[in-house]
Amino acid sequence: MIHPTAIIHPNAQLDEGVKVGAYSIIDEQVIIGRDTVIGDHVKISGKTIIGQRNKIYSFALEIGHDNVIREFCTFNIGTIDDGGVTRLGNHNWIMAYVHLAHDCQVGNHTTFANNASLAGHVHVDDWAILAGFSGVHQFCRVGAHSFIGISAVVTQDVPPFVTVAGNPTSPHGVNSEGMKRRGFSAEEIMAVKRAYKKLYRSSLSLEDAKIAIKELVAEYPKMESFLDFLLQPSSRGIMR
């Protein structure tokens, strides 16, 4: 159903079942997937592709499937410096006033609480949680299953499974509760805790910690993402 006050460009592509609320504006190059609901007073412009079954409230924009995006979120489009695309994956929960800056890459099943903000070129992996009023510096990476505490200011990469909090922000252990909810076994959680100790609670250098963690990966394959994260190039360095 398209509200009679909505303005939709003739060249915009709306799939079956799309609903557009009162006074919303859909510009020429927009593509909207099946059964997506656009609320009242929403303006969607630029080369925007929206997947299926999304719910978009006023002043919000997203890319992917089955996301929930609440009021007054702002998502900037990509720039020529980084491929030109800002991406949000699937099944994400984006609360009010969240900001995703240009060229951010957000995975699946993430949670952004109210007023969480990403600066440009930030990568957030699957199942990460950002608490309210947290912020992430440009070019940082946030690993899968990690947890960023309320009002934390992240200026370096956060490895998978790690909880960071405070301001200045620092590591505060493993997100074991999140791992339990995702179906990780007690043995796998313990292995991540062992890797955490190698990285944060020993006198090992980062390079020596990588070697020690590699030995754990041979026994617990699910930890491979932890090691891979540490081995990838980093613009900001690993938070320690």
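For this structure, a couple of remarks:
- All positions within region 49-74 that are at pLDDT 90 or above and buried (at least 18 other Cβ atoms within 10 Å of the Cβ): I50, G51, N54, H65, N67, I69, R70, C73
- Odd one out for F147, checked against (1) surrounded by fewer than 19 Cβ atoms within 10 Å (Cβ to Cβ); (2) hydrophobic (A, V, I, L, M, F, W, C); (3) in contact with a helix residue (DSSP H, G or I) (Cβ under 7 Å, 6 or more places away or on another chain): (1)
- Residue within region 156-173 that is out of contact with any Cys (no Cβ under 7 Å at 6 or more places or on another chain), within 27 Å of G78 (Cβ to Cβ) and assigned to a strand (DSSP E or B) present: yes
- Selection from region 88-98 of residues that are buried (at least 18 other Cβ atoms within 10 Å of the Cβ) and either under 15 Å from V142 (Cβ atoms) or touching a strand residue (DSSP E or B) at 6+ places or on another chain (Cβ under 8 Å) (or both): L88, G89, N92, I94, M95, V98
- Answer residue from region 1-20, given it is part of a loop (DSSP other than H, G, I, E, B) and of a type in the set (D, E, K, R) and is surrounded by the most Cβ atoms within 10 Å (Cβ to Cβ) among those: D15
- Residue check for G135: modelled with pLDDT of 95 or more and out of contact with any Cys (no Cβ under 8 Å at 6 or more places or on another chain): yes
- Subset of region 174-228 [assigned to a helix (DSSP H, G or I), without any contact (Cβ under 8 Å) to a residue 12 or more places away in the chain and in contact with a helix residue (DSSP H, G or I) (Cβ under 8 Å, 6 or more places away or on another chain)]: K180, V217, E224
- Selection count, region 21-33, where residues are over 26 Å from H102 (Cβ atoms) and surrounded by 14 or more Cβ atoms within 10 Å (Cβ to Cβ): 2
- Taking the criterion of being of a type outside the set (D, E, K, R), under 21 Å from N90 (Cα atoms) and in a loop (DSSP other than H, G, I, E, B), the residues of region 27-47 that qualify are V30, G33, T36, G39, V42, S45, G46.
- Scanning region 86-121 for residues that are among the hydrophobic types (A, V, I, L, M, F, W, C) and in contact with an Asp or Glu (Cβ under 8 Å, 6 or more places away or on another chain) yields L88, I94, A96.
- Residues of region 142-154 satisfying the condition of being more than 18 Å from L100 (Cβ to Cβ) and either without any contact (Cβ under 8 Å) to a residue 12 or more places away in the chain or not in a strand (DSSP E or B) (or both): H145, G149, I150, S151
The values are calculated or read from the model by the stated rules, or taken from the named source; none is laboratory data. Quantities reported herein were computed from a predicted structural model and do not represent experimental measurements. Neighbour counts run over all protein chains shown; Cβ positions are idealised from the backbone, glycine included.
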